[in-house]
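Student: The structure that follows is given in the form of structure tokens.
The values are calculated or read from the model by the stated rules, or taken from the named source; none is laboratory data. Owing to the predicted nature of the structure, the values given are computational and were not obtained by experimental measurement. In this analysis, Cβ positions are derived from the backbone assuming ideal geometry, glycine residues included, and neighbour counts consider all displayed protein chains. The protein model used for the area step is the full one, side chains on, heavy atoms only, and it has no ligands, DNA or RNA in it. Shrake-Rupley method; radii C 1.70, N 1.55, O 1.52, S 1.80 Å.
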Amino acid sequence: MARKQVDPAARRAREAARRAAATQRIGPRPKKTPRPRQPKLLYDLDPPGVFYKEWDHPVGTDADVMAKVGEHFGPESGEAATMQALLRYREIYGPHIPLGAAGQLDLILTESDLAAQLAPNTGCTEDEAHDSVHSLHAHGMLLIADDGSLWLTVPPGTPYSAPNGEWAFVEKKAKAPTELTDTLG
């Protein structure tokens, strides 16, 4: 005996009736809450330049890392202070820290007094302004150019990025520190 052909319209109608009956029994499906879009951090954006060639990735919790450093070098050593700074950067930059760029940005912030200028205008302390500048850097809004200067940038893939989805260097915010300029020149 030949199999009976199923009418697609009748099948859709039965499925719609089944869904309507289930909705009456159970109630409507709850609305899905949209997940917030995760911003890309600097490592994922792959910034150009010599300051973005070396990245560090401290492994373990802050307490474990500091315990290991303290065990090998001593808790008051320069290495412990450096690791403390890296762990603070990990909170801002995520798991991957651009060593050269973060250090250069610190030099710019201390030599140019940029954080001190931002603090009164934004109503925050100098330390908060310092961390805010690092946060902008971590999200690709500021980059260190190859000459060591700080630039306002637009990351690739955003509406105002350069053609072909490249980085756009918009405005120079601070010149390179004299320490670096002396060694480069």
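Student: In whole Å, how far is the Cα centre of region 110-161 from that of region 1-41?
Tutor: So the separation of the two Cα centres works out to 49 Å.
Student: Leaving out same-chain residues fewer than 8 places away, which aspartates and glutamates sit with a Cα under 16 Å from that of Lys40?
Tutor: Within reach: Glu91, Glu166.
Student: Of all the stretches in the chain, which is the longest one without any exposed loop site, taking GluC sites (Glu not before Pro) in a DSSP loop (any state but H, G, I, E, B) with at most 14 other Cβ atoms within 10 Å?
Tutor: 77-185
Student: With the calculation restricted to Cα positions, what are the radius of gyration and Dmax of region 57-101 in angstrom?
Tutor: Cα-based Rg and Dmax for region 57-101 come out at 10.3, 28 Å.
Student: Specify which labelled value, from (i) 26, 21, 14; (ii) 41, 16, 15; (iii) 52, 24, 18, agrees with semi-axes √(5λ) of the Cα gyration tensor in Å derived from the coordinates of the model shown.
Tutor: Among (i) 26, 21, 14; (ii) 41, 16, 15; (iii) 52, 24, 18, the one calculated here is (iii).
Student: Which order do you get for His72, His96 if you rank them by accessible area with a 1.4 Å probe, largest at the top? Walk me through the intermediate numbers first.
Tutor: Details: His72 140, His96 50 Å².
Reading off the accessible areas and sorting them downward yields His72, His96.
Student: Can you give the helix-only mean residue ellipticity at 222 nm for the chain, where every DSSP H stretch with n ≥ 4 adds -39500 (n - 2.57) and the sum goes over all residues, rounded to the nearest 500 deg cm²/dmol?
Tutor: Helix contribution divided over all residues of the chain: -15500 deg cm²/dmol.
Student: When the label point is put 7 Å from the Cα of Gln38 along its Cα-to-beta-carbon vector, which residues of region 70-111 have a backbone N closer than 14 Å?
Tutor: Flagged as within label range: 94-96.
Student: Now for a different question. In terms of Cα to Cα distance under 19 Å, which aspartates and glutamates are near enough to Lys172, apart from those fewer than 8 places away along the same chain?
Tutor: Asp106, Glu111, Asp113, Asp146, Asp147
Student: Over 13 Å, how big is the tail of the calculated P(r) for region 76-126, in percent of all Cα pairs?
Tutor: Of the Cα pairs, 67 percent sit more than 13 Å apart.
Student: Any idea of Val65's accessible area? Nearest 10 Å², probe 1.4 Å.
Tutor: Near enough 10 Å² of accessible area.
Student: Among Lys175, Lys53, Lys32, whose mean-square fluctuation peaks in a Gaussian network model of the chain (Cα, cutoff 10 Å)?
Tutor: Lys32
Student: OK, next. Sort 44-51, 55-62, 147-154, 101-108 by the packing proxy (mean of other Cβ within 10 Å over each peptide's residues), most packed first.
Tutor: Put in order of decreasing packing, that is 101-108, 147-154, 44-51, 55-62.
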